[in-house]
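Asks: Provided herewith is a single structure, encoded as structure tokens, for subsequent inquiry.
The values are calculated or read from the model by the stated rules, or taken from the named source; none is laboratory data. If you're wondering where the values come from, they're calculated on a predicted model, not measured in any experiment. Using ideal geometry, Cβ is built from the backbone for each residue, glycine included, and neighbour counts are taken over all protein chains shown. For accessibility, only protein heavy atoms count, side chains too; no ligands or nucleic acids. Shrake-Rupley method; radii C 1.70, N 1.55, O 1.52, S 1.80 Å.
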Amino acid sequence: MRSPRQETGPPDLTTPEGFGAFYEDHIDAVLGFVTRRVADPHLAADLTADIFLAAMGSAGTYRGHRGAPVAWLFGIARNVLSGHARGMARESGALARLSGRRLLDDEDVAALEERIDAERAFRDLAERHAALSEPLRAALDLVVLDQLTPAEAAQALGVTQATIRVRLHRARRALRSPGPGSEPQLEVAR
């Protein structure tokens, strides 16, 4: 292990030469700090590089009169290691949440696609239903949804049975049509 150079004052971390000398003086100490806390050599090398990158990024905030440079670096190292641990905890939590779920197989995907198609067809039908005129929609709703007979629907609406049959025919034809605006423009007389 190398011993740090005798410093006559705070190192100038803002120049490439100054930071390079600072790096050479403290790499072993930082690497030791990291390897005491991390067992994976690749991770230790990555975290050590991250520590020096963070130190380089905050070199302007370094104040030599506040303590030894290695203490400043160890403070940065603690922050980098804590950030790494938080990231690992988030990743572990996400994996734990996902582990209780199964991945979709081809059959599941096909079932979902069928359901989406059915929902799309329903939305299209609902849009066409909403586009019907009030007399057509009322006749259709009374017969189909409320399950009244055409005679009962005619009585409820105060129209003849022939008028109800015409309205039902037009409503059903409009609902079978592929797009909006397919409803006949003729209004049925009451």
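Asks: For residue 14, what accessible surface area do you get with a 1.4 Å probe? Give it in Å², rounded to 10.
Replies: Result for residue 14: roughly 100 Å² accessible.
Asks: What whole number of Å gives the distance from the Cα centroid of the stretch 96-175 to the Cα centroid of the stretch 38-67?
Replies: Each part reduced to its Cα centre gives a spacing of 65 Å.
Asks: Stokes-Einstein diffusion coefficient for the stretch 47-149 at 10 °C in a medium of 1.306 mPa s, Rh from the Kirkwood formula over Cα pairs: what value in µm²/s?
Replies: 77
Asks: Starting from the residue with the highest accessible area, list 92, 177 in decreasing order, probe 1.4 Å.
Replies: Descending order: 92, 177.
Asks: Can you pull the one-decimal nm distance between simple spin-label points at residue 141 and residue 89, each 7 Å off the Cα toward Cβ?
Replies: Placing both labels 7 Å beyond Cα along the Cβ direction yields 5.5 nm.
Asks: Let me ask you something else. In square nanometres, what is one fourth of the surface area of the convex hull spanned by the alpha carbons of the stretch 123-165?
Replies: So the mean shadow area of the Cα hull is 2.9 nm².
Asks: Measure off 7 Å from each Cα along the Cα-to-Cβ vector at residue 15 and residue 130, then give the distance between these two points in nanometres to one decimal.
Replies: Modelled inter-label distance: 7.2 nm.
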